[in-house]
Amino acid sequence: MELIELKDICRTYHLGEVAVPVLRGISLNVASGELVALMGASGSGKSTLMNLLGCLDHPTSGEYWLEGQEISRLTAKERARLRNRTIGFVFQSFNLLPRTTALENVMMPLTYSKENLTEQQKKMRATELLRKVGLADRINHQQSQLSGGEQQRVAIARALVNHPRILLADEPTGNLDSHTSEEILQMFQHLNSVDGITIILVTHDPAVAQWAQRTIRIKDGLLEDSPEVSHMADVS
């Protein structure tokens, strides 16, 4: 089943009277349950494409179908509602709230959830996710007391707290050492293969892209020919 379908997506920004085309006609399908790497150099358009996929922005032209719904013309408020229930984000810089605990960081997105959970239910869900990412003993630690790898694990738990179908990870290992990076990438593989979450890894690093089932390359706002199928690293 196609979870994501882009049809001739263009995105142009206007700087005064100057039009700056960033995406120049992107057509792309991502099936439910895929682990995909979106790879490109700085300035290639990959961040713009990620923002469109994540419903943070809208295309200038073209169609974006998500779960069978055409969403490219939704209002900002409608995109926000769809984003909150469908998509989780993991960023290079972690984006944790300072002076708050790991538990409070993971609970934060539930404030905007329509599930109407009690405070105890929110704590139980956040605690279970922190346990799942290996931080059962760090729940009450603040950001300053966590290593980079632990902070990224908190960020992953936070991204999962609303049970998203899609996880968008933008350079998720960019601030981590090689050993910690491998642990985080193994976690993404587990979330994909065991939990069935569709994951899109946005990266410029071929070593990160090798962990995906498929690599899509973007250059100068266009997808390059013949998306490459990579060999998924073994999970041990």
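Each reported figure results from applying straightforward, stated rules to the coordinates on display, with no laboratory input. These figures come from a predicted structure and were not determined experimentally. Cβ placement follows ideal geometry from the backbone for every residue including glycine, while neighbour counts extend to all protein chains displayed.
Some observations on this one:
- Using the Cβ of residue 97 as centre and a radius below 10 Å, the other residues enclosed give a net charge of +1, where K and R count +1 and D and E count -1.
- GNM flexibility winner over the chain from 214, 99, 24 (Cα, springs under 10 Å): 99
- Within straight-line cross-link reach of residue 77, lysines at Cα separation under 18 Å, skipping those fewer than 8 residues along the same chain: 114
- Along its principal axes, segment 24-102 has C-alpha extents of 43, 31, 26 angstrom, given from the largest down.
- Per residue, the convex hull spanned by the Cα atoms of the chain measures out at 136 cubic angstrom.
- Mean-position separation - Cα centroids, segment 77-132 and segment 187-225, in angstrom: 23
- Close amide H pairs (under 5 Å, H built 1.01 Å from N) link residue 215 with 37, 228, 229, 230, residues at least 5 positions away or on another chain.
- Across all Cα atoms of segment 117-236, the radius of gyration (one decimal) and Dmax (whole number) stand at 15.8, 51 Å.
- Amide H to amide H distances under 5 Å link residue 88 with 166, 167, 168, where only residues 5 or more positions off or on other chains count and H is placed in the peptide plane.
- Here the chain is assigned +1 on the Cβ of each Lys and Arg and -1 on the Cβ of each Asp and Glu. Its dipole about the Cα centre then comes out at about 840 debye.
- Full extension of the segment from residue 119 to residue 14, taken as 0.36 nm per residue of separation minus the current Cα-Cα distance, would add 33.3 nm.
- Estimated from helices alone, the mean residue ellipticity of the chain at 222 nm is -9000 deg cm²/dmol (sum of -39500 (n - 2.57) over DSSP H runs with n ≥ 4, per residue).
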